[in-house]
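The values are calculated or read from the model by the stated rules, or taken from the named source; none is laboratory data. Just so you know, these numbers come straight off a predicted model, no measurement behind them. Heads up, the Cβs are rebuilt from the backbone with ideal geometry, glycines too, and the neighbour counts pull from every protein chain shown. The accessibility values were calculated without ligands, DNA or RNA, using every heavy atom of the protein model including side chains. Shrake-Rupley method; radii C 1.70, N 1.55, O 1.52, S 1.80 Å.
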Amino acid sequence: MNDYYKFIKDFPNEIKHFVSDVCFDNIGNIIAHKQGVGKKILLIAHYDVVRLMVSYIDEKGFLYVKPAGCIDASILPARKVVIRHENNSVTGIIGKKPIHLIREEQNSKATYENLWIDIGVKSQAEALQIVSKGDYAYFCSDYEELPNDLITGSYFDNQVGLNVLMKLAEKLSEKEVPWDVYYVASNHEEIGMRGASVLGNSIKPDICICLDVTHATDHPTMNAIIDGDIKLGEGCVLAKGPNIYSALFKSLEKVAIEHGIKYQEEVSPYPTGTDANVIQLSGEGVKTAVVSIPCRYMHTPQEVCSKNDVESAIKIIYEFMHVE
């Protein structure tokens, strides 16, 4: 499997060194609790990712899939994927009819109906020895560093948010802060924020800061008026809108200004599409904020982020945590 799978597998064992206890709930959320005195603050980043679910295996052993989460089929042809079957990993290549052989009357556009995964077997029976319907296939791309402190790889949505969570837990482990802190890696965000729905009602936080990615719009085909004006390397993004508690936004903004930490603003006139959406509406209502990392090419096998933006998110929330 790729590095992201190992990262998630190791996450509970790594964060337990910095908190009072770690547990899992019935929906698969990973809850790390740093016991403290004061109001409950929930720092949440989802760990589930967009992926492909095997839905059909034909007589020749080719696998057909459906998306679990929002994935544009046009980015998939010729991609390498890894299929998780029980405790094993199976390599596959997403196939599509070559352009040379497509007749005029045929549609050359990639759709889930005309894509398949080739795992190198000769029959359905052989395929069923190593995979089954319901298995998930994941993007498989190498992590690489680019110029200007940029990084690229699979599943920065939301590995960067989880990295912020882990670094905060480490930095605050020996510090006294005026909070009872919950660091949570939530499940099922990509398919309806179901993990967060459970968390809001079980933890009952007073405040929630959601860590996720947002769209960087500093590349061709984007329109700043329509799509927003978010750049890589210019700092993390603080959201403004009805999903955000205004005073909490102002507190985070004030911390950033006072400590000279770069940040950007994003206007979200509708629910943000993050876990904050459902956390805000849980119980009697929760004061929420969203701190995002700009990400180019979201939900593709090769996302791009800035290490500087990740660091700015860590700094802003770290300094905020020392404020009552």
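Shape analysis of region 1-154 places it in the prolate category; the axes a ≥ b ≥ c from the Cα gyration tensor give an a/c of at least 1.5, with a/b above b/c. Across the alpha-carbon atoms of region 31-120, the computed radius of gyration and Dmax are 19.5, 69 angstrom. Can you list the aspartates and glutamates whose alpha carbon is less than 14 Å from that of K109, not counting same-chain residues fewer than 8 positions off? Result set, ordered by chain and number: D72.
The alpha carbon centroids of region 248-324 and region 199-243 are separated by 6 Å.
Rg to Rh ratio, region 82-164, alpha-carbon atoms and Kirkwood radius?
Here the Rg-to-Rh quotient is 1.08.
Measuring between their Cα centroids, region 116-178 and region 1-63 lie 11 Å from each other. Its relative contact order, with pairs defined as Cα atoms under 8 Å and 6+ residues apart, puts region 1-130 at 22 percent. Computed over the chain, the range of Cα coordinates on each principal axis works out to 65, 43, 37 Å, biggest value leading. Here the contact order of region 70-172, divided by its residue count and restricted to Cα pairs under 8 Å and six or more residues apart, works out to 26 percent. Under 16 Å from the 7 Å Cα→Cβ point of S246, by amide nitrogen: which residues of region 279-315? Under cut-off, by backbone N: 287-289. Counting heavy atoms of the protein chains alone, C70 has an accessible area of about 100 Å² for a 1.4 Å probe. Under the criterion of Cα pairs below 8 Å and six or more residues apart, the relative contact order for the chain equals 23 percent. Which residue fluctuates the most in the chain, going by a Gaussian network model with Cα springs under 10 Å, if the choices are F139, F24, F156? Highest fluctuation among the options: F24.
Both radii come from the Cα set of region 199-324: Rg as radius of gyration, Rh as Kirkwood radius; their ratio Rg/Rh reads 0.97.
Extension gain for S202 to Y270 (0.36 nm times residue separation, less C-alpha to C-alpha distance): 21.9 nm.
Pairs K39/K315; K167/K254; K204/K254; K133/K307: which are spaced more than 28 Å apart, C-alpha to C-alpha?
Numbers: K39/K315 21 Å; K167/K254 22 Å; K204/K254 26 Å; K133/K307 38 Å.
Among K39/K315; K167/K254; K204/K254; K133/K307, the Cα-Cα distance tops 28 Å for K133/K307.
For the set L232, L165, solvent exposure ranked by accessible area (probe 1.4 Å, protein chains only) runs largest to smallest as L232, L165. At full extension, E126 and E253 could sit 40.0 nm farther apart than now, given 0.36 nm per residue minus the alpha carbon distance.
Step by step: find N for region 1-55, compute 2.2 N^0.38 Å, then divide the Cα radius of gyration by it. What's the final number? Write out the running numbers ahead of the final one.
Numbers: Rg = 13.9 Å, N = 55, 2.2 N^0.38 = 10.1 Å.
Rounded to two decimals, the normalised Rg is 1.38.
Taking the longest Cα principal axis of the chain as reference, the axis of helix 246-258 is set at about 80 degrees. From a point 7 Å beyond the Cα of N308 in the direction of its Cβ, which residues of region 139-165 have a backbone N at a distance under 11 Å? Residues passing the 11 Å test: 148-150.
Rolling a 1.4 Å probe over the heavy atoms of the protein chains gives the chain an accessible area of 49 Å² per residue.
Loop-only GluC sites (Glu not before Pro) in region 140-245, please: DSSP not H, G, I, E or B, and at most 10 other Cβ atoms within 10 Å.
Details: sites: E144, E145, E170, E174, E176, E189, E190, E234; in loops: E174, E176, E189, E190, E234.
Sparse-neighbourhood loop GluC sites (Glu not before Pro): E174, E176.
So between R103 and H219, what do we pick up on full extension, going 0.36 nm a residue minus the alpha carbon distance? Before the final figure, lay out the partial values.
On the way: separation 116, 0.36 × 116 = 41.76 nm, distance 3.41 nm.
Working it through step by step, the gained length comes to 38.4 nm.
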